Amino acid sequence: MDLAEIKKGLSTEKLETYRQVFSCKSDSELIAIYMSMQSIMSHFFTVVQLLEVTLRNSIHHCATEQFDDPEWFKTKTISDKSKNQVTEAEQKCLDEVGAKYTTNDLVSRLPFGFWVHMLSKGYNNPRDREHNLWQFKFNQCFPNAQASKVSLNTIFQNFGTLNKFRNRLFHHEPAWKGRSTRNREQAVNNIIKKYQEHLEVIRYLSSSKYNLITALGFEDRFLSECDIANLKNFEDILSTSDAGND
């Protein structure tokens with residue numbers, strides 16, 4: 001196995017982050033850690049996708065009822081950024097579907113950040129009746145939040161953090177790395193914390209979807225792989241393979 005050739009196709013800067021945090025002493029250890037972390041991070045795609053779709057559909061359903069308009073996003077969005085996102089989604093519909101696109105076509109093309117911003121305080125202002133959504137629909141959209149004594153602002157902050165994590169994940173950045181991540185134990189603990197945060201906000205939205213993730217073993221498989229010992233397994237495999245090529 002030509003590790004030098006493998007390294008050429010990877011970002012030197014990103015690999016250096018792995019080398020420093022995980023204290024890699026050889027190229028085989030570095031590549032093993034890199035691939036092991038990619039495998040661990042792949043477990044997030046299921047929960048991220050479920051979270052995005054659930055939040056989007058829940059907010060859209062609540063807003064449609066509250067504003068009595070299935071295309072509420074064309075008139076009720078507050079920020080210029082959100083308005084631009086609607087315009088961009090309309091253009092995507094024209095490009096990808098054609099002039100006869102449906103409301104669902106457009107809703108599905110609005111980015112996750114659009115839905116996160118819908119949780120901001122601008123939509124929870126009793127003095128602004130035109131945009132006041134959450135005074136009436138919070139418990140419907142987040143049926144399990146009240147029992148956990150979680151406020152809309154807390155949920156907004158949580159989703160904002162998860163959106164940043166999601167963007168790093170989808171742009172192939174080392175999303176496992178937090179500000180204080182200095183070693184492999186901290187990296188693994190940070191990933192576990194992020195996974196649990198995703199499950200928690202899914203539970204706020206839907207107990208059934210939370211139970212779906214756990215019942216089908218997604219959480220157990222993630223926790224089984226997100227372990228220091230698993231990193232060592234990858235190292236041993238590559239170390240043996242590298243020695244065999246000598």
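The values are calculated or read from the model by the stated rules, or taken from the named source; none is laboratory data. The structure displayed is predicted, hence computed values, not measured ones. No Cβ is skipped: glycine too gets one built from the backbone with ideal geometry, and neighbour counts run over all protein chains shown. For accessibility, only protein heavy atoms count, side chains too; no ligands or nucleic acids. Shrake-Rupley method; radii C 1.70, N 1.55, O 1.52, S 1.80 Å.
Compare Ser23, Ser11, Ser120 in a GNM of the chain, Cα atoms joined below 10 Å, and give the one with the largest fluctuation.
Ser11
Please state the shape class of region 193-232: rounded when a/c is under 1.5, otherwise prolate if a/b exceeds b/c and oblate if not, all from the C-alpha gyration tensor.
It is oblate, given that a/c is not under 1.5 and a/b is not larger than b/c.
Looking at the chain as a GNM with Cα springs under 10 Å, which of Val201, Val21, Val48 has the largest mean-square fluctuation?
For the chain, modelled as a Gaussian network with Cα springs under 10 Å, the answer is Val21.
In percent, how large is the relative contact order of the chain, given Cα pairs closer than 8 Å and 6 or more residues apart?
Numbers: 201 pairs, mean separation 68.5, N = 246.
That works out to 28 percent.
For Lys81, Lys194, give the ranking by accessible area with the largest first, probe 1.4 Å.
Correct descending sequence by accessible area is Lys81, Lys194.
Can you give me the three principal axis dimensions of region 169-225 from its C-alpha atoms, in Å, biggest first?
Projected onto the principal axes, the Cα atoms of region 169-225 cover 36, 22, 19 Å.
List the lysines whose alpha-carbon lies under 20 Å from that of Lys177, not counting same-chain residues fewer than 8 positions away?
Lys14, Lys25, Lys164, Lys193, Lys194, Lys232
Give, rounded to the nearest 20 debye, the magnitude of the charge dipole that region 51-203 has about its Cα centre when Lys and Arg contribute +1 at Cβ and Asp and Glu contribute -1 at Cβ.
Roughly 800 debye, rounded to the nearest 20.
Using only the heavy atoms of the protein chains and a 1.4 Å probe, how would Arg184, Arg127 rank by accessible area, largest first?
In descending accessible area the options line up as Arg127, Arg184.
Just want the answer: with Cβ charges of +1 for Lys and Arg and -1 for Asp and Glu, which residue in Gly160, Asn125, Ser148 is farthest toward the dipole's positive end in the chain?
Asn125
Nearest 0.05, what FRET efficiency do Asp2 and Ala229 give at R0 = 25 Å with Cβ-Cβ as r?
Values: r = 28 Å, r/R0 = 1.10.
That pair, Asp2 with Ala229, gives E of 0.35.
Whenever you get a sec, line up Met118, Met1 from highest to lowest accessible area (probe 1.4 Å, protein heavy atoms).
So the residues, ranked largest to smallest area, are Met1, Met118.
Among Arg221, Arg179, Arg109, which one shows the highest mean-square fluctuation when the chain is modelled as a Gaussian network with alpha-carbon springs under 10 Å?
Arg179
What accessible area per residue comes out for region 8-71, rounded to a whole number of Å², with a 1.4 Å probe?
On a per-residue basis, region 8-71 sits at 46 Å².
Between rounded, prolate and oblate, where does region 46-202 land on the alpha carbon gyration tensor, with a ≥ b ≥ c its root eigenvalues, rounded for a/c under 1.5, else prolate if a/b exceeds b/c?
Oblate, since a/c reaches 1.5 and b/c is not below a/b.
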